[in-house]
Amino acid sequence: MTGELTETLPAPPAAAVGARVDEHTGAAVFVVASRQERPNLPAVTCPFCPGGLEAPEPYDVRWFPNRWPAMPNARCEVVLYTPEHDATFASLGAGGARKVVDLWAERSAALGARDDIDYVLVFENRGPDVGATITHPHGQIYAFDFVPDVPARELARRAAPPEPGERLVATAPGWRAFVPDAPAYPYALLLWPDEDVPDLPSLDSAGRDGLAELLVDVLGRLDRLFDAQTPYMLWIHQRPFDGRVWPGARLHVEIVSPWRAAGVLRYVAAGELGSGVFFNPVAPEDAARSLRDA
């Protein structure tokens, strides 16, 4: 079954708009020299606060095209979670988080409806340790004209829904959060729906409420675990929007932190990058226990 699906996966994106394909590894790489010119920090005021450069009017949640896109043709967007500059995702509460989930779904549907879009990746980088230079709560959306390698490999595996056992951290109606069995990062979480939901637009109102509640819960736990605004990377994998049948597609959220202890980075170095094999210094069961207790 897996082999059959793998054979039908799209070829490497040799014709992807703006992408190069590494001849040695087959990896797609966007060379975006123009992003070297983007400012690292706002000069005076936050551009994401109401009245700022990117948010001239009052808002609850907001999206806009990225002024410094990583890909051409209006395929990169910024999503503002709240007008409150010093908020965190956890402080939004379930109601505020639900507005973010709705906007993620809306933009996924809108971008996915384009003929030139095959995959929509919703993601967030929080904190300077993962390269975020603006502290105002926000995320991004990249819309690819091919199915990127990582979600493509997941789709090819068509793995059964995980059974977390003692790695379970938290639940919300229709959802559960747990530490993966073999995470590359010491503190990692998978947010998984109880039902077969392929993508954000397909998530019904109750499912969106559950996802919002669980995101607030687990992101709050990360901050309490280290008694700090913990840096993290969050991304959402969903069904491709290329019009093909993807029977194994299942919506899920992945969250990882680069910290292995408070303020201590877990570096991914040559032995791991050179081999593709990762060595985790924290047992997943211990990470889950710490997050449950947070």
(message) What whole-number distance in Å separates the alpha-carbon centres of region 187-247 and region 101-160?
(response) 12
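Using only the Cα atoms, what convex hull volume per residue in Å³ does region 151-265 have?
On the way: hull volume 12.6 nm³, N = 115.
It is 110 Å³ per residue.
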(request) Show that you can apply the helix-only estimate: for the chain, add -39,500 (n - 2.57) for every DSSP H stretch of four or more residues, divide by all residues, and state [θ] at 222 nm to the nearest 500. (result) -7500 deg cm²/dmol
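How large a share of the accessible area of the chain, in percent, is made up of carbon and sulfur atoms when the probe is 1.4 Å and the other protein chains stay in place? Walk me through the intermediate numbers first.
Numbers: 7640 of 14390 Å².
Roughly 53 percent, rounded to a whole number.
Over the chain, with the other protein chains present, what is the accessible area per residue in square angstrom, probe 1.4 angstrom? Each step should come with its number before you reach the end.
Numbers: 14390 Å² over 294 residues.
Ligands and nucleic acids excluded, the figure is 49 Å² per residue.
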(message) Working only with C-alpha atoms, what are the Rg and Dmax values of region 86-244, expressed in angstrom?
(response) 15.5, 46
(request) Starting at the first residue of region 159-164, write each ³J(HN,Hα) from the Karplus equation 6.51 cos²θ - 1.76 cosθ + 1.60 with θ = phi - 60°, in whole Hz, x for Gly and Pro. (result) 5, 5, x, x, 10, x
(message) Which of the three applies to region 116-178, rounded, prolate or oblate, going by the alpha-carbon gyration tensor with a ≥ b ≥ c and a/c under 1.5 meaning rounded?
(response) oblate
(message) In the chain, if the dipole is taken from +1 on Lys/Arg beta carbons and -1 on Asp/Glu beta carbons about the Cα centre, which of T230, A94, A27 is farthest to the positive end?
(response) T230
(request) Please work out whether region 238-294 counts as rounded, prolate or oblate from its C-alpha gyration tensor, where a ≥ b ≥ c are the square roots of the eigenvalues and a/c under 1.5 means rounded, while otherwise a/b larger than b/c means prolate and anything else oblate? (result) oblate
(request) Multiply the residue separation of V130 and V268 by 0.36 nm, subtract the distance between their alpha-carbon atoms, and state the gained length in nm to one decimal. (result) 48.4 nm
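Run through every distinct alpha carbon pair of the chain and return the Kirkwood hydrodynamic radius in angstroms, one decimal place. The partial results should precede the final answer.
Numbers: mean 1/r = 0.0498 Å⁻¹.
Radius from the Kirkwood sum: 20.1 Å.
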(message) Tell me the net charge near L251. Cut-off is 14 Å between Cβ atoms, L251 excluded, with +1 for each Lys or Arg and -1 for each Asp or Glu.
(response) -3
(request) On the full set of protein chains, 1.4 Å probe, figure out the accessible area of R292 and give it in Å² to the nearest 10. (result) 90
(request) Specify the residue with the greatest mean-square fluctuation among G131, G93, G271, computed from a Gaussian network of the chain linking alpha-carbon atoms under 10 Å apart. (result) G271
(request) Tabulate in residue order the Karplus-calculated ³J(HN,Hα) for region 166-174, using 6.51 cos²θ - 1.76 cosθ + 1.60 with θ = phi - 60°, rounded to whole Hz; enter x for Gly and Pro. (result) 6, 8, 5, 10, 7, 9, 9, x, x
(message) Connecting C-alpha atoms closer than 10 Å in a GNM of the chain, tell me which of A28, A269, A170 has the biggest fluctuation.
(response) A269
(message) Through the Karplus equation 6.51 cos²θ - 1.76 cosθ + 1.60, θ set to phi - 60°, convert the phi angles of region 199-207 into ³J(HN,Hα) values in whole Hz; use x for Gly and Pro.
(response) 7, 4, x, 7, 6, 6, 4, 5, x
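Normalised by the empirical 2.2 N^0.38 Å for globular proteins, what value does the Cα Rg of region 52-152 take? Could the numbers behind the result be given before it?
Numbers: Rg = 13.8 Å, N = 101, 2.2 N^0.38 = 12.7 Å.
That ratio works out to 1.09.
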(message) Of the candidates F279, F144, F64, which one comes out as most mobile in a Gaussian network treatment of the chain with C-alpha springs shorter than 10 Å?
(response) F279
(message) Quick test of your reading: applying the under-4.7 Å Cβ rule, which cysteines of the chain are isolated?
(response) C76
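The values are calculated or read from the model by the stated rules, or taken from the named source; none is laboratory data. Since the model is a prediction, treat every value here as computed from it, not as a measurement. Every residue, glycine among them, receives a Cβ derived from its backbone with ideal geometry; neighbour counts consider all protein chains shown. Quick note on the areas: whole protein, heavy atoms, side chains included, nothing else; ligands and nucleic acids left out. Shrake-Rupley method; radii C 1.70, N 1.55, O 1.52, S 1.80 Å.
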